[in-house]
Amino acid sequence: MHPGVEKLDKLFNDAQKNPQLVNEFFEQLWFTGGMLPRPEMRLVVQNMYDWLKPKAVVEQKNFALANLALGFVCYHEGKFDESIRQDVKAQKLFTEIGDLDGAAISSVMLGNCYRSLGEVELALKYLLEGY
């Protein structure tokens, strides 16, 4: 297993024992995720998503981050349509809880996806919204 994925996996296991550590998992993912092997990164992010999903009502921000993380993985796998679906879910959740920074980050991810699909006008719309 790649050392970066091992670190994420350890943070995931630690977060299961101490939910206060969930943020550390996501911070590490944003920092190293683009450089990690895609299948291993997907597995650890999917594990975090699956663990947080039943807690979505209570842990709204963490579940929004999990959706954004899945969108991040899909983006790096070149699955832009799937990434857009996840990013829209994340943006909706962030907006519902009043997390403007999270909603903005979701917009940036959406803009990147649309840019990759050659949809320049939509890309600009979302990228400007995010900034």
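Details
- Residue in segment 111-128 that is aliphatic (A, V, I, L, M), in a helix (DSSP H, G or I) and within 29 Å of residue 1 (Cα to Cα) present: no
- One residue from 27, 82, 59, 77 being touching a Pro at 6+ places or on another chain (Cβ under 8 Å) and charged (D, E, K, R): 59
- Some residue of segment 29-41 being among the acidic types (Asp, Glu) and in a helix (DSSP H, G or I): yes
- Residues satisfying the stated conditions in segment 42-82, i.e. over 18 Å from residue 116 (Cβ atoms) and in a loop (DSSP other than H, G, I, E, B): 56, 57, 58, 59
- None of 43, 11, 52, 68 is out of contact with any His (no Cβ under 8 Å at 6 or more places or on another chain) and surrounded by fewer than 19 Cβ atoms within 10 Å (Cβ to Cβ) except 43.
Each reported figure results from applying straightforward, stated rules to the coordinates on display, with no laboratory input. Please read all numbers here as calculations on a predicted model, not as lab measurements. All Cβ positions, even for glycine, are placed from backbone atoms using ideal geometry, and neighbour counts span all protein chains on display.
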